[in-house]
2 protein chains.
Amino acid sequence: MEQIKKYNILKIDGGNKNIVEDIVVLEYPFTIFVDGKEVITLLCSPRSLKYLAVGFLYSEGFIEGYSAIEDVQIDEIKGRAYIRLNAKGIFNKKLQEKRTIASSGAKGTMFYDMLDSLKSKKVKEPLNIPVYEIKKLMETFNKNSELFYKTGGVHACAICNNNNIIYFEEDIGRHNALDKVLGRALAEDMDLKDKIVLLSGRVSSEMLVKAVKREIKVVVSRSAPTSLAVHMARELNIALIGFVRGEKMNIYSSFSSLKF
Amino acid sequence: MEQIKKYNILKIDGGNKNIVEDIVVLEYPFTIFVDGKEVITLLCSPRSLKYLAVGFLYSEGFIEGYSAIEDVQIDEIKGRAYIRLNAKGIFNKKLQEKRTIASSGAKGTMFYDMLDSLKSKKVKEPLNIPVYEIKKLMETFNKNSELFYKTGGVHACAICNNNNIIYFEEDIGRHNALDKVLGRALAEDMDLKDKIVLLSGRVSSEMLVKAVKREIKVVVSRSAPTSLAVHMARELNIALIGFVRGEKMNIYSSFSSLKF
């Protein structure tokens, strides 16, 4: 199965802008069923899916060895693993009760339902942000990343208006950093419709969903997006901008949100 | 609260090796309780914890606005948030039932119990790996990362013996990539006691736990570890090696596992 997806994007390099074909990594929802019961949807790359299912069940304590597995069936089209355990499998009610929640917007096979439910957030009036402001914001953002320079071990996230960073947070987890700035905006009752989110890390569908739920129209990262993030951004008319580095950036969606 | 922790580590640079003080990003277990019920333990950086809790509850659909929150208490020492919702909070049985499992080794406040349960995996006979072999393995590993070079959007993970990469996987998720190689080793009944794990991404406690459960003694990354990963590696006598880049690497634990 393909691990990538191609999109026509708008590539900026200094004063040049061109529509070019770009390669984006595929994000693939993969739902694991154990003895007929839905356990989780992992957002992954669609390769070695059997090993992913087996490794996941081991890491999570569902099995203590491969001999606990009676049968594994992978349905690549539907993105599903059907696993049957034998008597050695320890999948049971007790384990289920101990489960924690994923810091994730993707709730099992409801993933696509969720995309539907976000349709109401479709952007009707795009922001009109000058490209040079985005470059400047990212420069300031990079300079702010103190903890990163000390340790190389964190992600940063910011909420900005056209000219300034308003909230800035760092965390060892991408999702946490984003939840921190969004949580603060919520607590301080800030309207985010005219704000921009800046991210240091990759933009997966989960990251995009968090921003969209708060009605953010522009998501900017110095890293790569995934295919599902690009797909969603296009469906919802969100401006998704990646690889903002020096004079360069890639615009994946809602090209008209930018001013040149 | 401090965001970092200092450790004396063994720093290699070409032919030089020195014990130096190094700064590692703090990994902090933070448990959120809603109306007295434990919801999740996030592994995070201990700053803006109130905003993290609020942002998380919003992103996960527990609340639809800040007005749903009656009260937030943060206990920094214990690493806990106690949140009370009012009638607008939608925390209820139905939502709980829909929860997915975290691809995480950290099960709520059982985190430290888990560390205890891993005591049996403490390494008694460390491997004796020549440092130059680790450099060579990382060079090969970097060359293998085809999808990364195409998209910049994935993590890689490998299982190796002293000289060769045996399994190699890439995935948009660090955890998935590791689960894939470990799952394959399990399915193919490979003994991992004398194997090395190579990672492109950061080593959090969750990543280390996955490796330790399969009795791996040496974990190598081209990125940074977190404090909890270093702590665990030292407790369990696992060799944890980070920032393997060119002639350089940092050895965080079990220095005697390496041969110079």
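Residues considered: B:K17, B:K88, B:K11. Of these, the only one that is open to solvent by 20 Å² or more (accessible area, probe 1.4 Å), away from every other protein chain (no Cβ under 11 Å) and assigned to a loop (DSSP other than H, G, I, E, B) is B:K88. Meeting the requirement of 3 or more residues that are at the interface with chain B (Cβ under 8 Å from one of its Cβ atoms), the strands (runs of 3 or more DSSP E) wholly within segment A:117-211 are A:165-171. Counting the residues of segment A:70-85 that are out of contact with any helix residue (DSSP H, G or I) (no Cβ under 7 Å at 6 or more places or on another chain) and either within 8 Å of chain B (Cβ to nearest Cβ) or crowded, with 18+ Cβ neighbours inside 10 Å (or both) gives 2. Annotation: of all residues in segment B:1-56 being of a type in the set (D, E) and within 26 Å of B:S257 (Cα to Cα), the one that is nearest to the chain's Cα centre (by Cα) is B:E27. Screening B:V181, B:V203, B:V154, B:V131 for residues that are within 14 Å of the chain's Cα centre (by Cα) and among the β-branched types (V, I, T) leaves exactly one candidate, B:V203. Against the conditions (1) assigned to a strand (DSSP E or B); (2) open to solvent by 20 Å² or more (accessible area, probe 1.4 Å), A:K50 satisfies every one except (1).
Table: residues versus (1) in contact (Cβ under 8 Å) with a residue 40 or more places away in the chain; (2) crowded, with 24+ Cβ neighbours inside 10 Å; (3) among the hydrophobic types (A, V, I, L, M, F, W, C).
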| position | (1), (2), (3) |
| --- | --- |
| B:N162 | no, no, no |
| B:I166 | no, no, yes |
| B:E169 | no, yes, no |
| B:H175 | yes, yes, no |
| B:L178 | no, yes, yes |
| B:L182 | no, yes, yes |
| B:E188 | no, no, no |
| B:V197 | yes, yes, yes |
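If you filter segment A:248-260 down to residues that are open to solvent by 50 Å² or more (accessible area, probe 1.4 Å) and either at pLDDT 95 or above or of a type in the set (A, V, I, L, M, F, W, C) (or both), you find that the one that is nearest to A:P126 (Cα to Cα) is A:F255.
Test A:G61 against the criterion of being open to solvent by 50 Å² or more (accessible area, probe 1.4 Å), of a type outside the set (K, R) and more than 21 Å from the chain's Cα centre (by Cα), and give yes or no. So A:G61 does not fit the description; no. The number of residues in segment B:212-227 that are within 12 Å of chain A (Cβ to nearest Cβ) and either in contact with a strand residue (DSSP E or B) (Cβ under 7 Å, 6 or more places away or on another chain) or among the aliphatic types (A, V, I, L, M) (or both) comes to 8. Counting the residues of segment B:199-233 that are over 16 Å from B:K121 (Cα atoms), crowded, with 24+ Cβ neighbours inside 10 Å and free of Cβ contacts under 8 Å to residues at least 40 places away in the same chain gives 3.
All of B:L186, B:L178 fail the test of being under 28 Å from A:P29 (Cα atoms) and in contact with a Lys or Arg (Cβ under 7 Å, 6 or more places away or on another chain), apart from B:L178.
Before we move on, is B:S67 surrounded by 22 or more Cβ atoms within 10 Å (Cβ to Cβ) and either modelled with pLDDT of 95 or more or among the polar types (S, T, N, Q) (or both)? No; evaluated as a whole, the condition is false for this residue.
The values are calculated or read from the model by the stated rules, or taken from the named source; none is laboratory data. These figures come from a predicted structure and were not determined experimentally. Cβ coordinates were reconstructed from backbone atoms using ideal geometry, including for glycine residues, and neighbour counts include every protein chain displayed. For the accessible areas, the whole protein counts, side chains as well, though only heavy atoms, and no ligand, DNA or RNA atoms are used. Shrake-Rupley method; radii C 1.70, N 1.55, O 1.52, S 1.80 Å.
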